[in-house]
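The values are calculated or read from the model by the stated rules, or taken from the named source; none is laboratory data. Nothing here was measured: the structure is a model prediction, and the numbers come from that model. No Cβ is skipped: glycine too gets one built from the backbone with ideal geometry, and neighbour counts run over all protein chains shown.
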Amino acid sequence: MESGLIHFLEKNSIYIVMFIVLVVWIGIFIFIWNTDKKLKEIEKELKEK
Amino acid sequence: MSFVIIAGITFPIVPTPLYWYEFPNIPGLEEKAKIIFFHVPTAWISVIAFLMAMIYGVKYLKNKNLDDDAKSASALQLGMIFCILATVTGSIWAKFTWGAFWHWDPRETSIFILLLIYGSLLALRSAIENEDKRARLSAVYSIIAFLTVPFFIFIMPRIMTGLHPGSANDDNAGPIVDFKMNANMMLIFYLSLIAFTILYFWIWKIRYKTIIIDEKIHKNN
């Protein structure tokens, strides 16, 4: 299955570019999500006060 | 940013571009050449982030203001994320262009060393409880660490032979950005650099404000 996917990507290299864009956005999303998590914790602490 | 993503993916690559929306064919890369709009900006942002970590490290040592340390820490975290993204995206591209995910090419080796240097800095930061001590050590480390960045990003991969475009034995006689892209491709490339830079500053600002507020709340407790 893995070699089939690689073969498909080799034949249709635009999907490699799309996959790379997806990887970049997943990385940025994880960082923003982590920041949002920190903000929620701060909000919670402020409410408890 | 949306324009860059849409244009970067959908504009066709043709042997002789006639219209404004066509990109030239780069032999051996074809559609894969479009990675330049997304991979290069991630590496560019990591250099900017490490530079800012150093600048705010110097500021901290001068003013002893913990807000500067928060700005430096935020830049360090973002620099690390973008450095990882540059490594992963480059590695995916390498699999389909050079045949394997990793070759220990000078460019790959240099980014791996940078990941180790800055990974150690983040580990060091998380190991120190005392805020002032952590800020002081981190500032000194980020200044020393940044001295290696121009060598590993701009010098070493260009004076050594390797597979990456821009290496000493590159048949193109220079970085790929200099001459093989037409004006239209260059425009999208520079727009991408600008868009990623704006995105970086926006996320950096949110992140350092979060760190500052968090520190202030814990100080008051």
| query | List, please: which pairs have Cβ atoms under 6 Å, are six or more places apart or on different chains, and start with a residue in the stretch B:12-34 that is surrounded by fewer than 17 Cβ atoms within 10 Å (Cβ to Cβ) and end with one that is among the acidic types (D, E) and modelled with pLDDT of 80 or more? | reply | B:P12/B:E22; B:V14/B:E22
| query | Within the stretch B:24-40, how many residues are facing chain A (nearest Cβ under 10 Å) and at positive phi? | reply | 1
| said: Considering only the stretch B:23-30, I want to know if a residue exists there that is touching a strand residue (DSSP E or B) at 6+ places or on another chain (Cβ under 7 Å) and part of a helix (DSSP H, G or I). | reply: yes
| query | Here are some conditions: (1) at pLDDT below 95; (2) more than 14 Å from every other protein chain (Cβ to nearest Cβ). B:S72 meets all but one. Which one does it not meet? | reply | (1)
| request: Taking B:I5 as the residue in question, decide whether it is within 12 Å of chain A (Cβ to nearest Cβ), touching an Asp or Glu at 6+ places or on another chain (Cβ under 8 Å) and farther than 30 Å from B:E131 by Cβ. | output: no
| said: Go through the stretch B:74-121 and report how many residues are of a type in the set (S, T, N, Q) and under 14 Å from the mean Cα position of the chain (by Cα). | reply: 4
| Within the stretch B:92-105, restricting attention to residues that are surrounded by 19 or more Cβ atoms within 10 Å (Cβ to Cβ) and more than 10 Å from chain A (Cβ to nearest Cβ), which residue is farthest from B:F196 (Cα to Cα)? | B:D105
| Of the residues in the stretch B:117-164, how many are under 24 Å from B:L61 (Cα atoms) and part of a helix (DSSP H, G or I)? | 31
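Residues of the stretch B:14-49 being aliphatic (A, V, I, L, M) and over 18 Å from A:V21 (Cα atoms), which ones? So that I can check it myself, show each step before the final result.
Of the residues in the stretch B:14-49, the ones aliphatic (A, V, I, L, M) are B:14, B:18, B:26, B:29, B:33, B:35-36, B:40, B:43, B:45, B:47-49.
Correct list: B:V14, B:L18, B:I26, B:V47, B:I48, B:A49.
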| remark: Every listed condition ((1) under 23 Å from B:P24 (Cβ atoms); (2) surrounded by 13 or more Cβ atoms within 10 Å (Cβ to Cβ); (3) modelled with pLDDT of 75 or more) holds for B:Y200 save (1)
| request: List the number of the failed condition for A:L22; all other conditions in (1) modelled with pLDDT of 90 or more; (2) within 9 Å of chain B (Cβ to nearest Cβ) hold. | output: (2)
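Here is a yes/no grid of residues against (1) farther than 22 Å from B:I48 by Cβ; (2) of a type in the set (S, T, Y); (3) modelled with pLDDT of 90 or more:
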| site | (1), (2), (3) |
| --- | --- |
| B:T87 | no, yes, yes |
| B:K95 | yes, no, no |
| B:G99 | yes, no, no |
| B:L116 | no, no, yes |
| B:R125 | no, no, yes |
| B:D132 | yes, no, yes |
| B:R136 | yes, no, yes |
| B:S142 | no, yes, yes |
| B:F146 | no, no, yes |
| message | Taking the conditions exactly as written (closer than 23 Å to B:E30 by Cβ, small (G, A, S) and surrounded by 18 or more Cβ atoms within 10 Å (Cβ to Cβ)), does B:A73 satisfy them or not? | response | no
